[in-house]
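This report refers to the structure that appears directly beneath it.
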Amino acid sequence: MRTNDTLAGAILITIALAMIALTINFPLMPGQKYGPALFPRLLGAGMIMCGMLLILRGRRNARPALALASWAADPWRRVSFALMLALPLAAIFAWTPIGFVPTTLVSLLLLLLWFRTRPATALLAALVATALLQIFFGKLMRVPLPLGWLLELPPHWLKYLT
Amino acid sequence: MWTAFSQAMSLVFDPYVLWICFASAVFGMFVGAMPGLTATMATALLVPITFFMPPVPALGAIVTATAMAIFAGDIPAAMLRIPGTPASAAYTDESYAMARKGQLDLNMGVNLVFSALGGLFGVVILIVCAPWLAELAINFSSFEYFWLAALGLTCAIFIATDDPVKGFAALFVGLGIGCIGIDPAAGYPRFTFGSVELLQGVSFIPAMIGMFAISELLRGAVTVDQAGQVLGQQVGNIFRGVGAVFRRYWFNFLRGSVIGTAIGALPGAGADIAAWISYAVSKKFSKEPEKFGTGHIEGIVDSTSANNSALGGAWIPALVFGIPGDSITAIVIGVLYMKNMNPGPTVFLQNPQFIYAVFIIFILANLLMLPIGWVAIRSAKQILRTPRNILLPIILMFCIVGSYAMTNSVYGIGVMLVLGLLGWLLEENGFPVAPIILGLVLGEMFEQNFMTSMIKADGNLASFFARPIAAVLGVITLALWAYMLWRMRHAAPAAQDA
């Protein structure tokens, strides 16, 4: 997704104004003329300057405000892109209720199949990758990956995974 | 000094550390040789693993993996005409042209040997300069550090981008993201919107993984079905003829290494820019510039030495001032803080054994590059045949788990996702990502030194120039700003589509 300089500058200025507006209620440091607001406000001023320069430049060479990259015309690529974002989202929302292992297994399998991996290879890759990640991070590095459904397993199985 | 040195030797020559270095070397070779996976990404992926290690193996893993990755990027450049890492982009066409002429062996040999030599050159400069600079830096006050950070951030934009407006915009965005959390001077929570997790600021490592790995994976996902064609040539004896090249082009090697180390040491610019500049210099001063681009070895000697020497150079400001020389050392600084080895001149006094250990590992890594690189070249065809449609999903999953491991909560994944998308969007629109990372890394130090200086000076800006070193640094910074403004007025704005 490409924006032209005018739109990019306008977005930058909006963000800067919002940032400065949020600093209005920041307190001063006791006995000083400045406080925690000074630095963000200076940054905001800098961003506004850059934004204005971008807008000036954008007015000189006219281009459409928004243009999609060439791959966006192909639905398969659009879904590929969206899936790359969907996997982290699935992790955020599904790990706690369902657990790391089931979520990862399913989402890896889906992505691999979408990328046109042969089903047997995809299943094998998803299984091996999930097991290795669980054992390496969950067991060796003691990262508390959510167990979720795995808690239903008999405890003597779990000790190999956590 | 000798006790610290012998301590460092025993820290490094521990079977565990050596094993870690070897494993990271293999990992680095693989990541570097795979187009679309960069040395910075290798570092970002290593951090969740090194997080659980003591400092020396953790730093050793990063040093070794990055040195290998920068060399390994040359392999697909010659065989596929796709640089394995951006650092090889400058001479990809030249290498490929050599391979087409049937000189693949010589090209690989020269790349391997001169990468190792260039790397060693950078390390020597690091070993000589860093302790000397640290001694100088011990007397620095907040004014010097303020200007140093300002100069570093300015250099990042000055060298690394040809569009200063977008560079500065990216820098301000990075510094702005760095403002989230408790402010360093007064302890007031800023822009946290009531979130407890944002109080500590945006988690640095998930942010890195997002900016460098997720954005790359997003680009990779839409081209996953496009693979290059490996040249059908057999690799023979790669070391034949390298000696003759060295005798003929030893000056190119020295020049490339000097340029590489210097550019590496300048904040914000790393191996890729070092390679571009030294290739251009080589062509400009060559006796036969007409041969460049037709498969001529001369420019490759310059630039392949330069990109590896830049790695050592980048550690100079990182260790001495805590100002990263490139995006890899930006991550390293985050690792140093996690290991309670806050970079700065005092580390040379308090923990010299760690510094020496890094030096030793650097030398070791560049020596290790020759045998492992040789194996990597021999097995390049198998490596380059690794299907990207399997690799990409697994790397994505690794990023997710790695980000989670840094915060032990899904908050890390959220940071990774948001900054990954932001990084992708900005790069699509011609905003460089490196200044954002520098802003994020340096923001706190920059603001703290700025506020301390303001309070000390009671708001009198002239005090920022009262001490001699501060004055010099300040004048250089201001001069660079003025020059960039001047250049902006005179440069044609047409270049932005490039």
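Couple of notes before you dig in:
- In region B:76-91 there is no residue matching the filter, namely being away from chain A (no Cβ under 14 Å), of a type in the set (Val, Ile, Thr) and in a helix (DSSP H, G or I).
- Test: residue in region B:131-142 that is more than 12 Å from every other protein chain (Cβ to nearest Cβ), in contact (Cβ under 8 Å) with a residue 24 or more places away in the chain and surrounded by 23 or more Cβ atoms within 10 Å (Cβ to Cβ): no
- Boolean, B:GLY210 is touching a strand residue (DSSP E or B) at 6+ places or on another chain (Cβ under 9 Å) and of a type outside the set (Phe, Trp, Tyr): no
- Members of region A:64-99 that are open to solvent by less than 20 Å² (accessible area, probe 1.4 Å), touching a Phe, Trp or Tyr at 6+ places or on another chain (Cβ under 9 Å) and at the interface with another protein chain (Cβ under 8 Å from one of its Cβ atoms): A:SER80, A:ALA91, A:TRP95
- Pairing residues of region B:408-433 that are closer than 30 Å to A:GLY58 by Cβ with residues that are open to solvent by less than 30 Å² (accessible area, probe 1.4 Å) and part of a loop (DSSP other than H, G, I, E, B), at Cβ distances under 6 Å and at least 6 apart in sequence or on separate chains, gives B:GLY423/B:VAL433; B:GLU427/B:VAL433; B:PRO432/B:THR161.
- Unique match (being in contact with a Pro (Cβ under 8 Å, 6 or more places away or on another chain), within 11 Å of chain A (Cβ to nearest Cβ) and either open to solvent by less than 70 Å² (accessible area, probe 1.4 Å) or farther than 30 Å from A:ALA90 by Cβ (or both)) among B:MET484, B:MET454, B:MET488: B:MET488
- Subset tally (residues that are of a type outside the set (Asp, Glu), at the interface with chain A (Cβ under 9 Å from one of its Cβ atoms) and open to solvent by 10 Å² or more (accessible area, probe 1.4 Å)) for region B:425-447: 5
- Region B:40-55: number of residues that are open to solvent by less than 10 Å² (accessible area, probe 1.4 Å) and either in contact with a Phe, Trp or Tyr (Cβ under 6 Å, 6 or more places away or on another chain) or more than 14 Å from chain A (Cβ to nearest Cβ) (or both): 4
- Scanning region B:413-458 for residues that are closer than 18 Å to A:LEU43 by Cα and assigned to a loop (DSSP other than H, G, I, E, B) yields a count of 3.
- Counting the residues of region B:224-237 that are surrounded by 15 or more Cβ atoms within 10 Å (Cβ to Cβ) and modelled with pLDDT of 85 or more gives 0.
- Any chance A:LEU111 is crowded, with 18+ Cβ neighbours inside 10 Å, more than 30 Å from B:LEU391 (Cβ to Cβ) and in contact (Cβ under 8 Å) with a residue 24 or more places away in the chain: no
The values are calculated or read from the model by the stated rules, or taken from the named source; none is laboratory data. What you see is a predicted model; the values in this text were computed from it and never measured. As a convention, Cβ positions derive from the backbone with ideal geometry for all residues, glycine included, and neighbour counts pool all protein chains shown. Each accessible area value is taken on the protein alone, full model and side chains, heavy atoms only, with ligands, DNA and RNA left out. Shrake-Rupley method; radii C 1.70, N 1.55, O 1.52, S 1.80 Å.
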